[in-house]
Each structure stands twice: as structure tokens, then as C-alpha cells.
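Engineer: The structure is given below, and queries will be raised subsequently.
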Amino acid sequence: MDIRFYNTLTNEIAPFEPLTPGQVKMYSCGPTVYDFAHVGNFRSFLFADLLRRFLEAAGFDVWHVMNITDVGHMTADEEADGSGEDKMQVAARRLKEDKKSGKVEDGAVADPDDPYQVADYFMQAFLEDGRQLGLKVASEFPKRVPKATEYIDEIQQMISTLIARKHAYVGSDGVVYYSVESFPNYGQLSGNTLDALRVGAGGRIDAADQGAKRHPADFMLWKADPKHIMKWDSPWGAGYPGWHIECSTMSMRVLETDVLDIHTGGEDLIFPHHECEIAQSCGATGKDLFARFWMHARFLLVEGEKMSKRKGNFFTVRDILAGKATGGPVHPAVLRMELIKSHYRAHTNFTAEGLSESANTVRRLTELGQRLHAECGGKPAQVDRDHPVVRAFLEALANDLKVSEAMTVVHAWMSSPGEDAAEAYGVLLALDQVLGVWELTGADEASEDPESEVVQKLCELIDEARQTKDFSAADAHRQRLIELGYEVRSSAEGTFAQKKLA
Ligand SMILES: [Zn+2]
């Protein structure tokens, strides 16, 4: 299969082949665990998940690592000298307020003054959200989900290497800085070369930022700070690492390589975060390349606008699932579909209308899965990636992850899945290896569950009652389903009940 991806590093679509045949090593910048993840974060995480699942379906053994940033990510992350406040500090303070106001349940974090407990609370929340939305890497914790605080020794080793190789120095303020002038390729990813940064009022740095540094764009690797919320002994004083060095260290350590095949993240991470990762990693290894492909997801809009707390259109994954954005609960599979269905290099516009389209797709796929599963007795035929439907689907994705083309293949196939239920069920499972929808909606229904017939019947009764406008009967049936632990959604297309995922 001819795989081609857009590479931010070269600004072009290029053929993709991993360094080691058959094996792909990819790293995705994960969450800073100082709050619940919002839908925009998950747009980027699920883009990485789609990419990983596609590569697996195409036959690769994929090592996918996504880190947890639990220290060193400053509120002023555009400032490279560790100014601002650690986001964990902010989280600890906010958590105390939330506890007082009852927003955080009692006992969730025994001691909000303990940053490890605060980080763990939000990390568990992220892993739970991730598993609900079918983010595969979230189920691979802790093996493929490293935490920065558990890599402090390795981070310090890398800083020592950078100092020994003259890429880093201790500034006059005691902070260890990376020397951007020591790395001629600085700016290769973002276009923010030192010349470009220096030019004009639009430049992102000026001499006033220089302070204790040799060059205003030099950025912090380690900051000695005895008052910091989390600190470790080091040759440069007790303190904490910078956010950028954490990712360079964890990616190479956990993936066991100096050169990654793919590095992903949201577009907002291109500069300075990813630019700095390249400078650090190449500086330490002496190699020309750190990641061969850089792939970035564009940010998410909500009803056409940039998400912001001020505008009131800022939603966590939990808000959406609980129905805070749309007025009714949303099944995780529906949110997953909504977040993966637009091309990763286009802005996803999150809308109530889009969500209801996604719900229809999920419902169609789930009902088809239920029917095929019943017809073939849960025994799919062996379907591999040479099956014409699966091949067409994967070929669309091989073309820089054209999801909409791949979904066109899926919808066409759903309209006429063929006579052979076992074969069709095999196709559905093959497609779902990438889509991850049936695995979230179908598992309960498809198992030998006597409840499923009752649920089916109740959904039909709701639809009949709705047609005759007998709303109290519809409500009674709906209530019955809710008591059985189901989430119920009725729309023009009919009623759809899904077991609530724990
Ligand atoms: Zn990162």
C-alpha cells in the first residue's frame, strides 16, 4: 500500500515508510494533567489514535507513546525562561476552591496541597476519558504512557549530555539554558529561525527577553527553585525540568530509539515546543533528524468559534458526554466519530448538527453490526485487508488520512453490505479496527445477552409511542431502559439505546 502523509517538517506530502520495516515508532504529546481534558485536546489525541489504528490495519506493529506532563509546564509557556507559574500549582489552588464549592467530590483528592495527588487525579480522569473514547494508548498505561516525574534521572542525564556537547549552559541566574545559537537548524520546523525571530516588530523575541541568557531565544532545561511545588536534587540545584526536555527524553527512552518515525501534536505545539524538542534531541544524539514525520492536527472550533472559557463555549469531554453542550447525553462513540471525521489538517468545527450526523453514522453502524452478528451467530468470516471494501477504505486513509473519503466507502458499503452475513460481519470488524465505533457500542449487545432483545423491543415501543404522540408511554419505556443502565437517544431516525459505559 502506498502511504503518503503531510510532513510539517518539509511542508509537503511524502511517501511514508518506517525506519525499521514493519514497525512504526510514534510519539504524541499528551496532556498536562492540571485539569480535565477538553474536546480540543481530544481532537488532537484522537487524530493520533486514528493514525495509529490505520497503520496497524495496514499491517504495521505500532509503538505508540503518549506522555503525561505532570510538572514543568508553565502558565506562560511562550516564555522560555520558566517564568509564570507551574500549571500544577494552579491546579492545586483551583482544586481547593472546587472542593470548597463542592465541584470536586469529597475524597477525590485527599490532600489538594499534594501536587502528586492532584496530578494523579487529573491523569486518572484523562485515562478514563481516553478509554471511553476508544483512545487505544490510554489502555496501555503505564507502559506506553510515561509520566515526566518518573523520568527525572533520565532528563538530568540528557541535560548533562547537552552541557557536555556545548548545547547548554548555566545562565547567570542559575537556570540551565539551551543555546539556540549552538544549533544551526533551529527554526527548521516552524520557520522561526533566529534571523526570522530577530526581524521586525512581529518577531517573537527581542533583546529585552535576554536577561541572564546568551541569546533571547535560549530556553530553559532546568530551573533551580527551592520554592517550586515539585522539586528534585540536581547538579544545578534542587529544582524542576522544563516542559520541552521532558518530551525529548521520554520519547527516545520509551520508544528505544534516537530517531522517531512519527511525532504528532496539536498545531499550537509546533513552536516553541516541537522546535525545542528537535534542538534538544538532535543536540544530544548528534543526528540530523529527531522525527522523520511531524504531523499536526489543527485546532477545533465550536460552532465556528475558537473555544474559550470567556465565550462560554469551552467544553470538557465530560461536559459533552453529560449533554452540557447539546442538552442531551452523548454516547462516547458519537463524540469519537465527531472528533475523527474531519481531516486533521482542517479545522474541526464542533457543532450540534455535526454531532447528530455522527450519531446517525454510529447508529447505522451499530444496527448493522447487531443484525450481522445475529445472522452469522457471532462468527465472522476471515476478512483481510485485500478485501475490496477494506482495501478501498484503507487506501483512502493511506492518502494523508482522508477520513471523509474513507467514510464514503463505509456509507456505500453499509447501504449494501452483501448477502453473506459472516463475510459482511468480518468487513465490519476490519473497518472498525480503525473506526473504533462498534467496539464501543456493540460489545454488550453482541454478546449472548438476553437483555438485548428486551432493549430492542423497548426501543421499538418508544418509536411507536412517539408516532402516536403517546409521550407518557414513550417516557415510561425510556425510564425502563434508563433503569436497565442504558442511555437513550431518540431522533427522526428512531430510538437508539446504548449500555452506559462505566
Ligand atoms: Zn511534547
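Engineer: Suppose we keep just the DSSP beta bridges with both residues in the chain; what percent of those would be antiparallel, to 5?
Structural biologist: For the chain, the DSSP antiparallel bridge percentage is about 55.
Engineer: In degrees from 0 to 90, rounded to the nearest 10, what is the angle of the helix 115-132 Cα long axis to the longest principal axis of the chain?
Structural biologist: 40 degrees
Engineer: Mind listing which chymotrypsin sites (Phe, Trp or Tyr not before Pro) in the range 1-59 are in a DSSP loop and have 11 or fewer other Cβ atoms within 10 Å?
Structural biologist: Passing both the DSSP loop test and the Cβ count: no residue.
Engineer: How large is the convex hull of the C-alpha atoms of the range 461-502 per residue, in Å³?
Structural biologist: Taking the convex hull of the Cα positions in the range 461-502, it is 54 Å³ per residue.
Engineer: Separate question: Which entries in Lys136/Lys309; Lys96/Lys166; Lys99/Lys309; Lys306/Lys469; Lys99/Lys457; Lys136/Lys306 show an alpha-carbon gap greater than 32 Å?
Structural biologist: Lys96/Lys166; Lys306/Lys469; Lys99/Lys457
Engineer: Could you work out how far apart the two model spin labels at Glu56 and Asn360 are, taking each label as a point 7 Å from the Cα in the direction of the beta carbon, and quote it in nm?
Structural biologist: 3.0 nm
Engineer: Using modelled backbone amide H atoms (1.01 Å from N, in-plane), which distant-in-sequence or interchain residues come within less than 5 Å of Thr69's amide H?
Structural biologist: Here the answer is Thr32, Val33, since their amide H atoms fall under 5 Å of that of Thr69.
Engineer: List the residues whose amide H sits under 5 Å from the amide H of Asn7, counting only those 5 or more places along or on another chain, with H placed 1.01 Å from N in the peptide plane.
Structural biologist: Correct list: Glu12, Ile13, Ala14.
Engineer: Please give the helix 421-435 orientation as an angle from the longest Cα principal axis of the chain, in degrees from 0 to 90, rounded to the nearest 10.
Structural biologist: For helix 421-435, the angle is close to 30 degrees.
Engineer: Let me ask another. Work out the FRET efficiency for Glu256 and Glu353 from their Cβ-Cβ distance, taking R0 = 35 Å, and round it to the nearest 0.05.
Structural biologist: Plugging the Cβ-Cβ distance into 1/(1 + (r/R0)^6) gives 0.20.
Engineer: Based on the alpha-carbon gyration tensor of the range 4-297 and its eigenvalue square roots a ≥ b ≥ c, which shape applies: rounded if a/c is under 1.5, prolate if not and a/b is larger than b/c, or oblate?
Structural biologist: It is oblate, given that a/c is not under 1.5 and a/b is not larger than b/c.
Engineer: Using θ = phi - 60° and the Karplus curve 6.51 cos²θ - 1.76 cosθ + 1.60, what whole-Hz ³J(HN,Hα) does each residue of the range 6-23 get, with Gly and Pro shown as x?
Structural biologist: 7, 10, 4, 5, 10, 6, 8, 7, 9, x, 10, 9, x, 4, 9, x, x, 10
Engineer: Under 5 Å between amide hydrogens, which residues at least 5 positions from Glu487 or on another chain qualify, with H placed 1.01 Å from N in the peptide plane?
Structural biologist: Amide H neighbours of Glu487: Gln498, Lys499, Lys500.
Engineer: Hey, another quick one. How far, in nm, would the chain grow between Glu453 and Arg310 when pulled straight, counting 0.36 nm per residue and subtracting the alpha carbon separation?
Structural biologist: Length difference between fully extended and current span is 46.8 nm.
Engineer: Tell me, what is the FRET efficiency for Lys99 and Lys324 to the nearest 0.05, using R0 = 22 angstrom and their Cβ-Cβ distance as r?
Structural biologist: Efficiency, from the Cβ-Cβ distance: 0.60.
Engineer: Between the range 319-345 and the range 453-502, how many Å separate their Cα centres?
Structural biologist: The range 319-345 and the range 453-502 have Cα centres spaced 21 Å from each other.
Engineer: Let me ask another. I need the phi-derived Karplus couplings for the range 320-334: 6.51 cos²θ - 1.76 cosθ + 1.60, θ = phi - 60°, integer Hz, Gly and Pro marked x.
Structural biologist: 5, 4, 7, x, 5, 8, 10, x, x, x, 10, 6, x, 5, 6
Engineer: Give me the base-10 log of I(q)/I(0) for the chain at each q in 0.05, 0.07, 0.08 Å⁻¹, Debye formula, one uniform scatterer per Cα, rounded to two decimals.
Structural biologist: Result of the Debye calculation: -0.22, -0.43, -0.55.
Engineer: Let me ask you something else. Through the Karplus equation 6.51 cos²θ - 1.76 cosθ + 1.60, θ set to phi - 60°, convert the phi angles of the range 485-496 into ³J(HN,Hα) values in whole Hz; use x for Gly and Pro.
Structural biologist: x, 10, 9, 10, 10, 10, 9, 4, 7, x, 9, 9
Engineer: Roughly what angle does helix 471-483 make with the longest principal axis of the chain, taking Cα atoms, 0 to 90 degrees, to the nearest 10?
Structural biologist: For 471-483 against the chain, the angle is about 60 degrees.
Engineer: If you don't mind, another one. Using a Förster radius of 35 Å, what is the FRET efficiency between Asp475 and Ala110 based on their Cβ-Cβ separation? Nearest 0.05, please.
Structural biologist: It comes out at approximately 0.25.
Each reported figure results from applying straightforward, stated rules to the coordinates on display, with no laboratory input. Worth saying up front: this structure is predicted, and the values here are computed from it rather than measured. Methodologically, a virtual Cβ is constructed for each residue, glycine included, from the backbone with ideal geometry; neighbour enumeration extends over all protein chains shown.
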